[in-house]
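Undergrad: Below is the structure I would like to discuss, written out as structure tokens.
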Amino acid sequence: TNADQATEWNLRKCSAAALDVLSNVFRETILPILLPILREMLFHTDWQIKESGILVLGAIAEGCSHGLTPHLPDLVDYLIKCLNEIKPLVRSITCWTLSRYSTWIVHNEAQQNRFLIPLMSELLKRILDTNKKVQEAACSAFATLEEEACIQMVPYLKQILETLVHAFRKYQAKNLLILYDAIGTLADSVGTHLNRSDYIELLMPPLIERWNLLRNDDKDLFPLLECLSSIATALQTGFLPYCEPVFGRCILLVQQTLENNGGDALTDKDFMIVALDLLSGLAEGLGSHIDSLVERSNLLLLLERCARDPMAEVRQSSFALLGDLTKACFRHVHKHLNIFLPLLTENLDPHHVSVCNNAIWAIGEISIQIGSEIQPFVSIILESLISIINRNNTPKTLLENTAITIGRLGLVCPNDVSAQLVRFIRPWCVALRNIRDNEEKDSAFRGICNMIILNPLGVANEFIFVCDAIASWEKPPIELHAKFREILQRFKQEFGNEQWKQLTDRFPLPLKQRLQIHYGV
């Protein structure tokens, strides 16, 4: 039966997976053997052989994309035509194979948009195909394309939304889940461009209709809540008309899970996790507009309980929400800090990467809000952060967040943190040199500058790393630029011209030039 075929591991899937691995290992070198066979298959009169050829082309997409580049304009052209084949299995496999080449389709400089627009319009037709398997494949492929194309989708939003809303009326249970994903991914990809009243009037009514149909214990709520979370973040204040019922129901789902400790605990917890994530989306999207809703609810009391949950995923979502609420409506968080700060410090265990990451981020956001009030906690927090930033094999985002929070703690409690500079300055500089200029990076660097001025000896031995981190800024804000200049000039004075020249002569040339041009040292 078809249902079994979809999940069953068979010879065909095995072979495709093997080709994928071979192409990733041997790259272009397999093409001289493969291309003649592939050409014969793709243009074969027997549709089943042709369909297998299209599968092969998708399987080798990752490993052979470079070697296939000269052939891709013709191949993609041909594949887009195959989306109209009579046989539904050819149409569905073609959706998948095209999605495997979406990076090239979106980013090939020479033929910008030559393929993106025809592919988009053909996939939108396939989303409304009469065959369910084709609908599913087209919807998944479209979500992949959205992630690649991002704001290149903006000019076509009206057609896209009209199609997706039409699919809403047409789709059955299983495909609805994939449709939610395509809508959520669209919101993530185009962001605030979605916030136009005509788009909102198209998109929201069918979603709210589903929202009202589903009971609180229906698992189909998960993908809908995830989808709404992306939409709320993208629409920002455009989501205001819908936020009250959505907020209220999320609170209910969290409460219901906390009260119902018996039963099938794991699935129950999923309801709570998805509800917490949607509340995060609301806080991030609505900002201070969420204040009155939080005020009229018991959210922070519920969050105190969630933050103590034995299940890591629940704590992970709780700390993310705590950070978002800190940014959106801090006065409500403030009253509960005697509970939250000790809980956050207990959760700085890098073995639970996501929990630890979100706790560190939340501590950084809280410290910006309360300033020196965080002082009693600084030494215990700092010990954990220093050990994390010096660990081997720590994931990149965890290192970046750790460094940002160390910088922010140094911004509000410079004396406490600067005393420890020598223990973290080198990995700190390495962690932040590669992230883009932004507000978080700005506050962290302002903190590190204050600390360096208080304790210049703490960085003397690692000074090249400090210079490299300073030079990683494309356009530092005026205040920060002045601080950088002050530090560099002061060190140049301390070292004396001769020693400064010896030191900077060892710098890579681009670094030396940047420091001369931007800071005159």
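Undergrad: How would E304, E439 rank on accessible area, largest to smallest, probe 1.4 Å? Walk me through the numbers on the way to the answer.
TA: Details: E304 25, E439 155 Å².
Descending accessible area places them as E439, E304.
Undergrad: So for the pair T397, I435, with labels modelled 7 Å out along Cα→Cβ, what separation do we get in nm?
TA: A separation of 1.2 nm, rounded to one decimal place.
Undergrad: Report the Cα centroid-to-centroid distance between region 162-222 and region 324-383 in angstrom, as an integer.
TA: Region 162-222 and region 324-383 have Cα centres separated by 34 Å.
Undergrad: Right, something else. With every protein chain left in place and a probe of 1.4 Å, what is the accessible surface of S418, to the nearest 10 Å²?
TA: For S418, solvent-accessible area is about 10 Å².
Undergrad: Additional query: Using a 1.4 Å probe on the protein heavy atoms only, what accessible surface does R215 show? Give it in Å² to the nearest 10.
TA: For R215, the solvent-accessible surface is approximately 150 Å².
Undergrad: Right, another one. What number, rounded to the nearest 500 deg cm²/dmol, is the helix-based mean residue ellipticity at 222 nm of the chain, given -39500 (n - 2.57) per DSSP H run of at least four residues and division by all its residues?
TA: Details: 30 runs with 397 residues, N = 521.
So the helix-based figure for the chain works out to -24500 deg cm²/dmol.
Undergrad: In what order, largest first, do M41, M153 sit by accessible area if the probe radius is 1.4 Å? Before the final figure, lay out each step's value.
TA: On the way: M41 45, M153 0 Å².
Sorted descending by solvent-accessible area, the residues read M41, M153.
Undergrad: Here is the link list: K81/K170; K219/K269; K125/K158; K132/K269. Which ones come out longer than 21 Å on Cα distance? Mind dumping the intermediate values first?
TA: Numbers: K81/K170 25 Å; K219/K269 12 Å; K125/K158 14 Å; K132/K269 32 Å.
Beyond 21 Å between Cα atoms: K81/K170; K132/K269.
Undergrad: Something else: Taking all protein chains together and a probe of 1.4 Å, list W47, W473 from the most accessible to the least accessible.
TA: Descending accessible area places them as W47, W473.
Undergrad: Taking percent of Cα pairs over 30 Å apart as the quantity of interest, determine which of [x] 49; [y] 42; [z] 61 was computed from the displayed structure.
TA: So the structure-derived entry is [z].
The values are calculated or read from the model by the stated rules, or taken from the named source; none is laboratory data. Worth saying up front: this structure is predicted, and the values here are computed from it rather than measured. Positions of Cβ are generated from backbone atoms using ideal geometry, with glycine treated the same way; all protein chains shown enter the neighbour counts. In case anyone asks, the SASA skips ligands and DNA or RNA and just uses the protein heavy atoms, side chains included. Shrake-Rupley method; radii C 1.70, N 1.55, O 1.52, S 1.80 Å.
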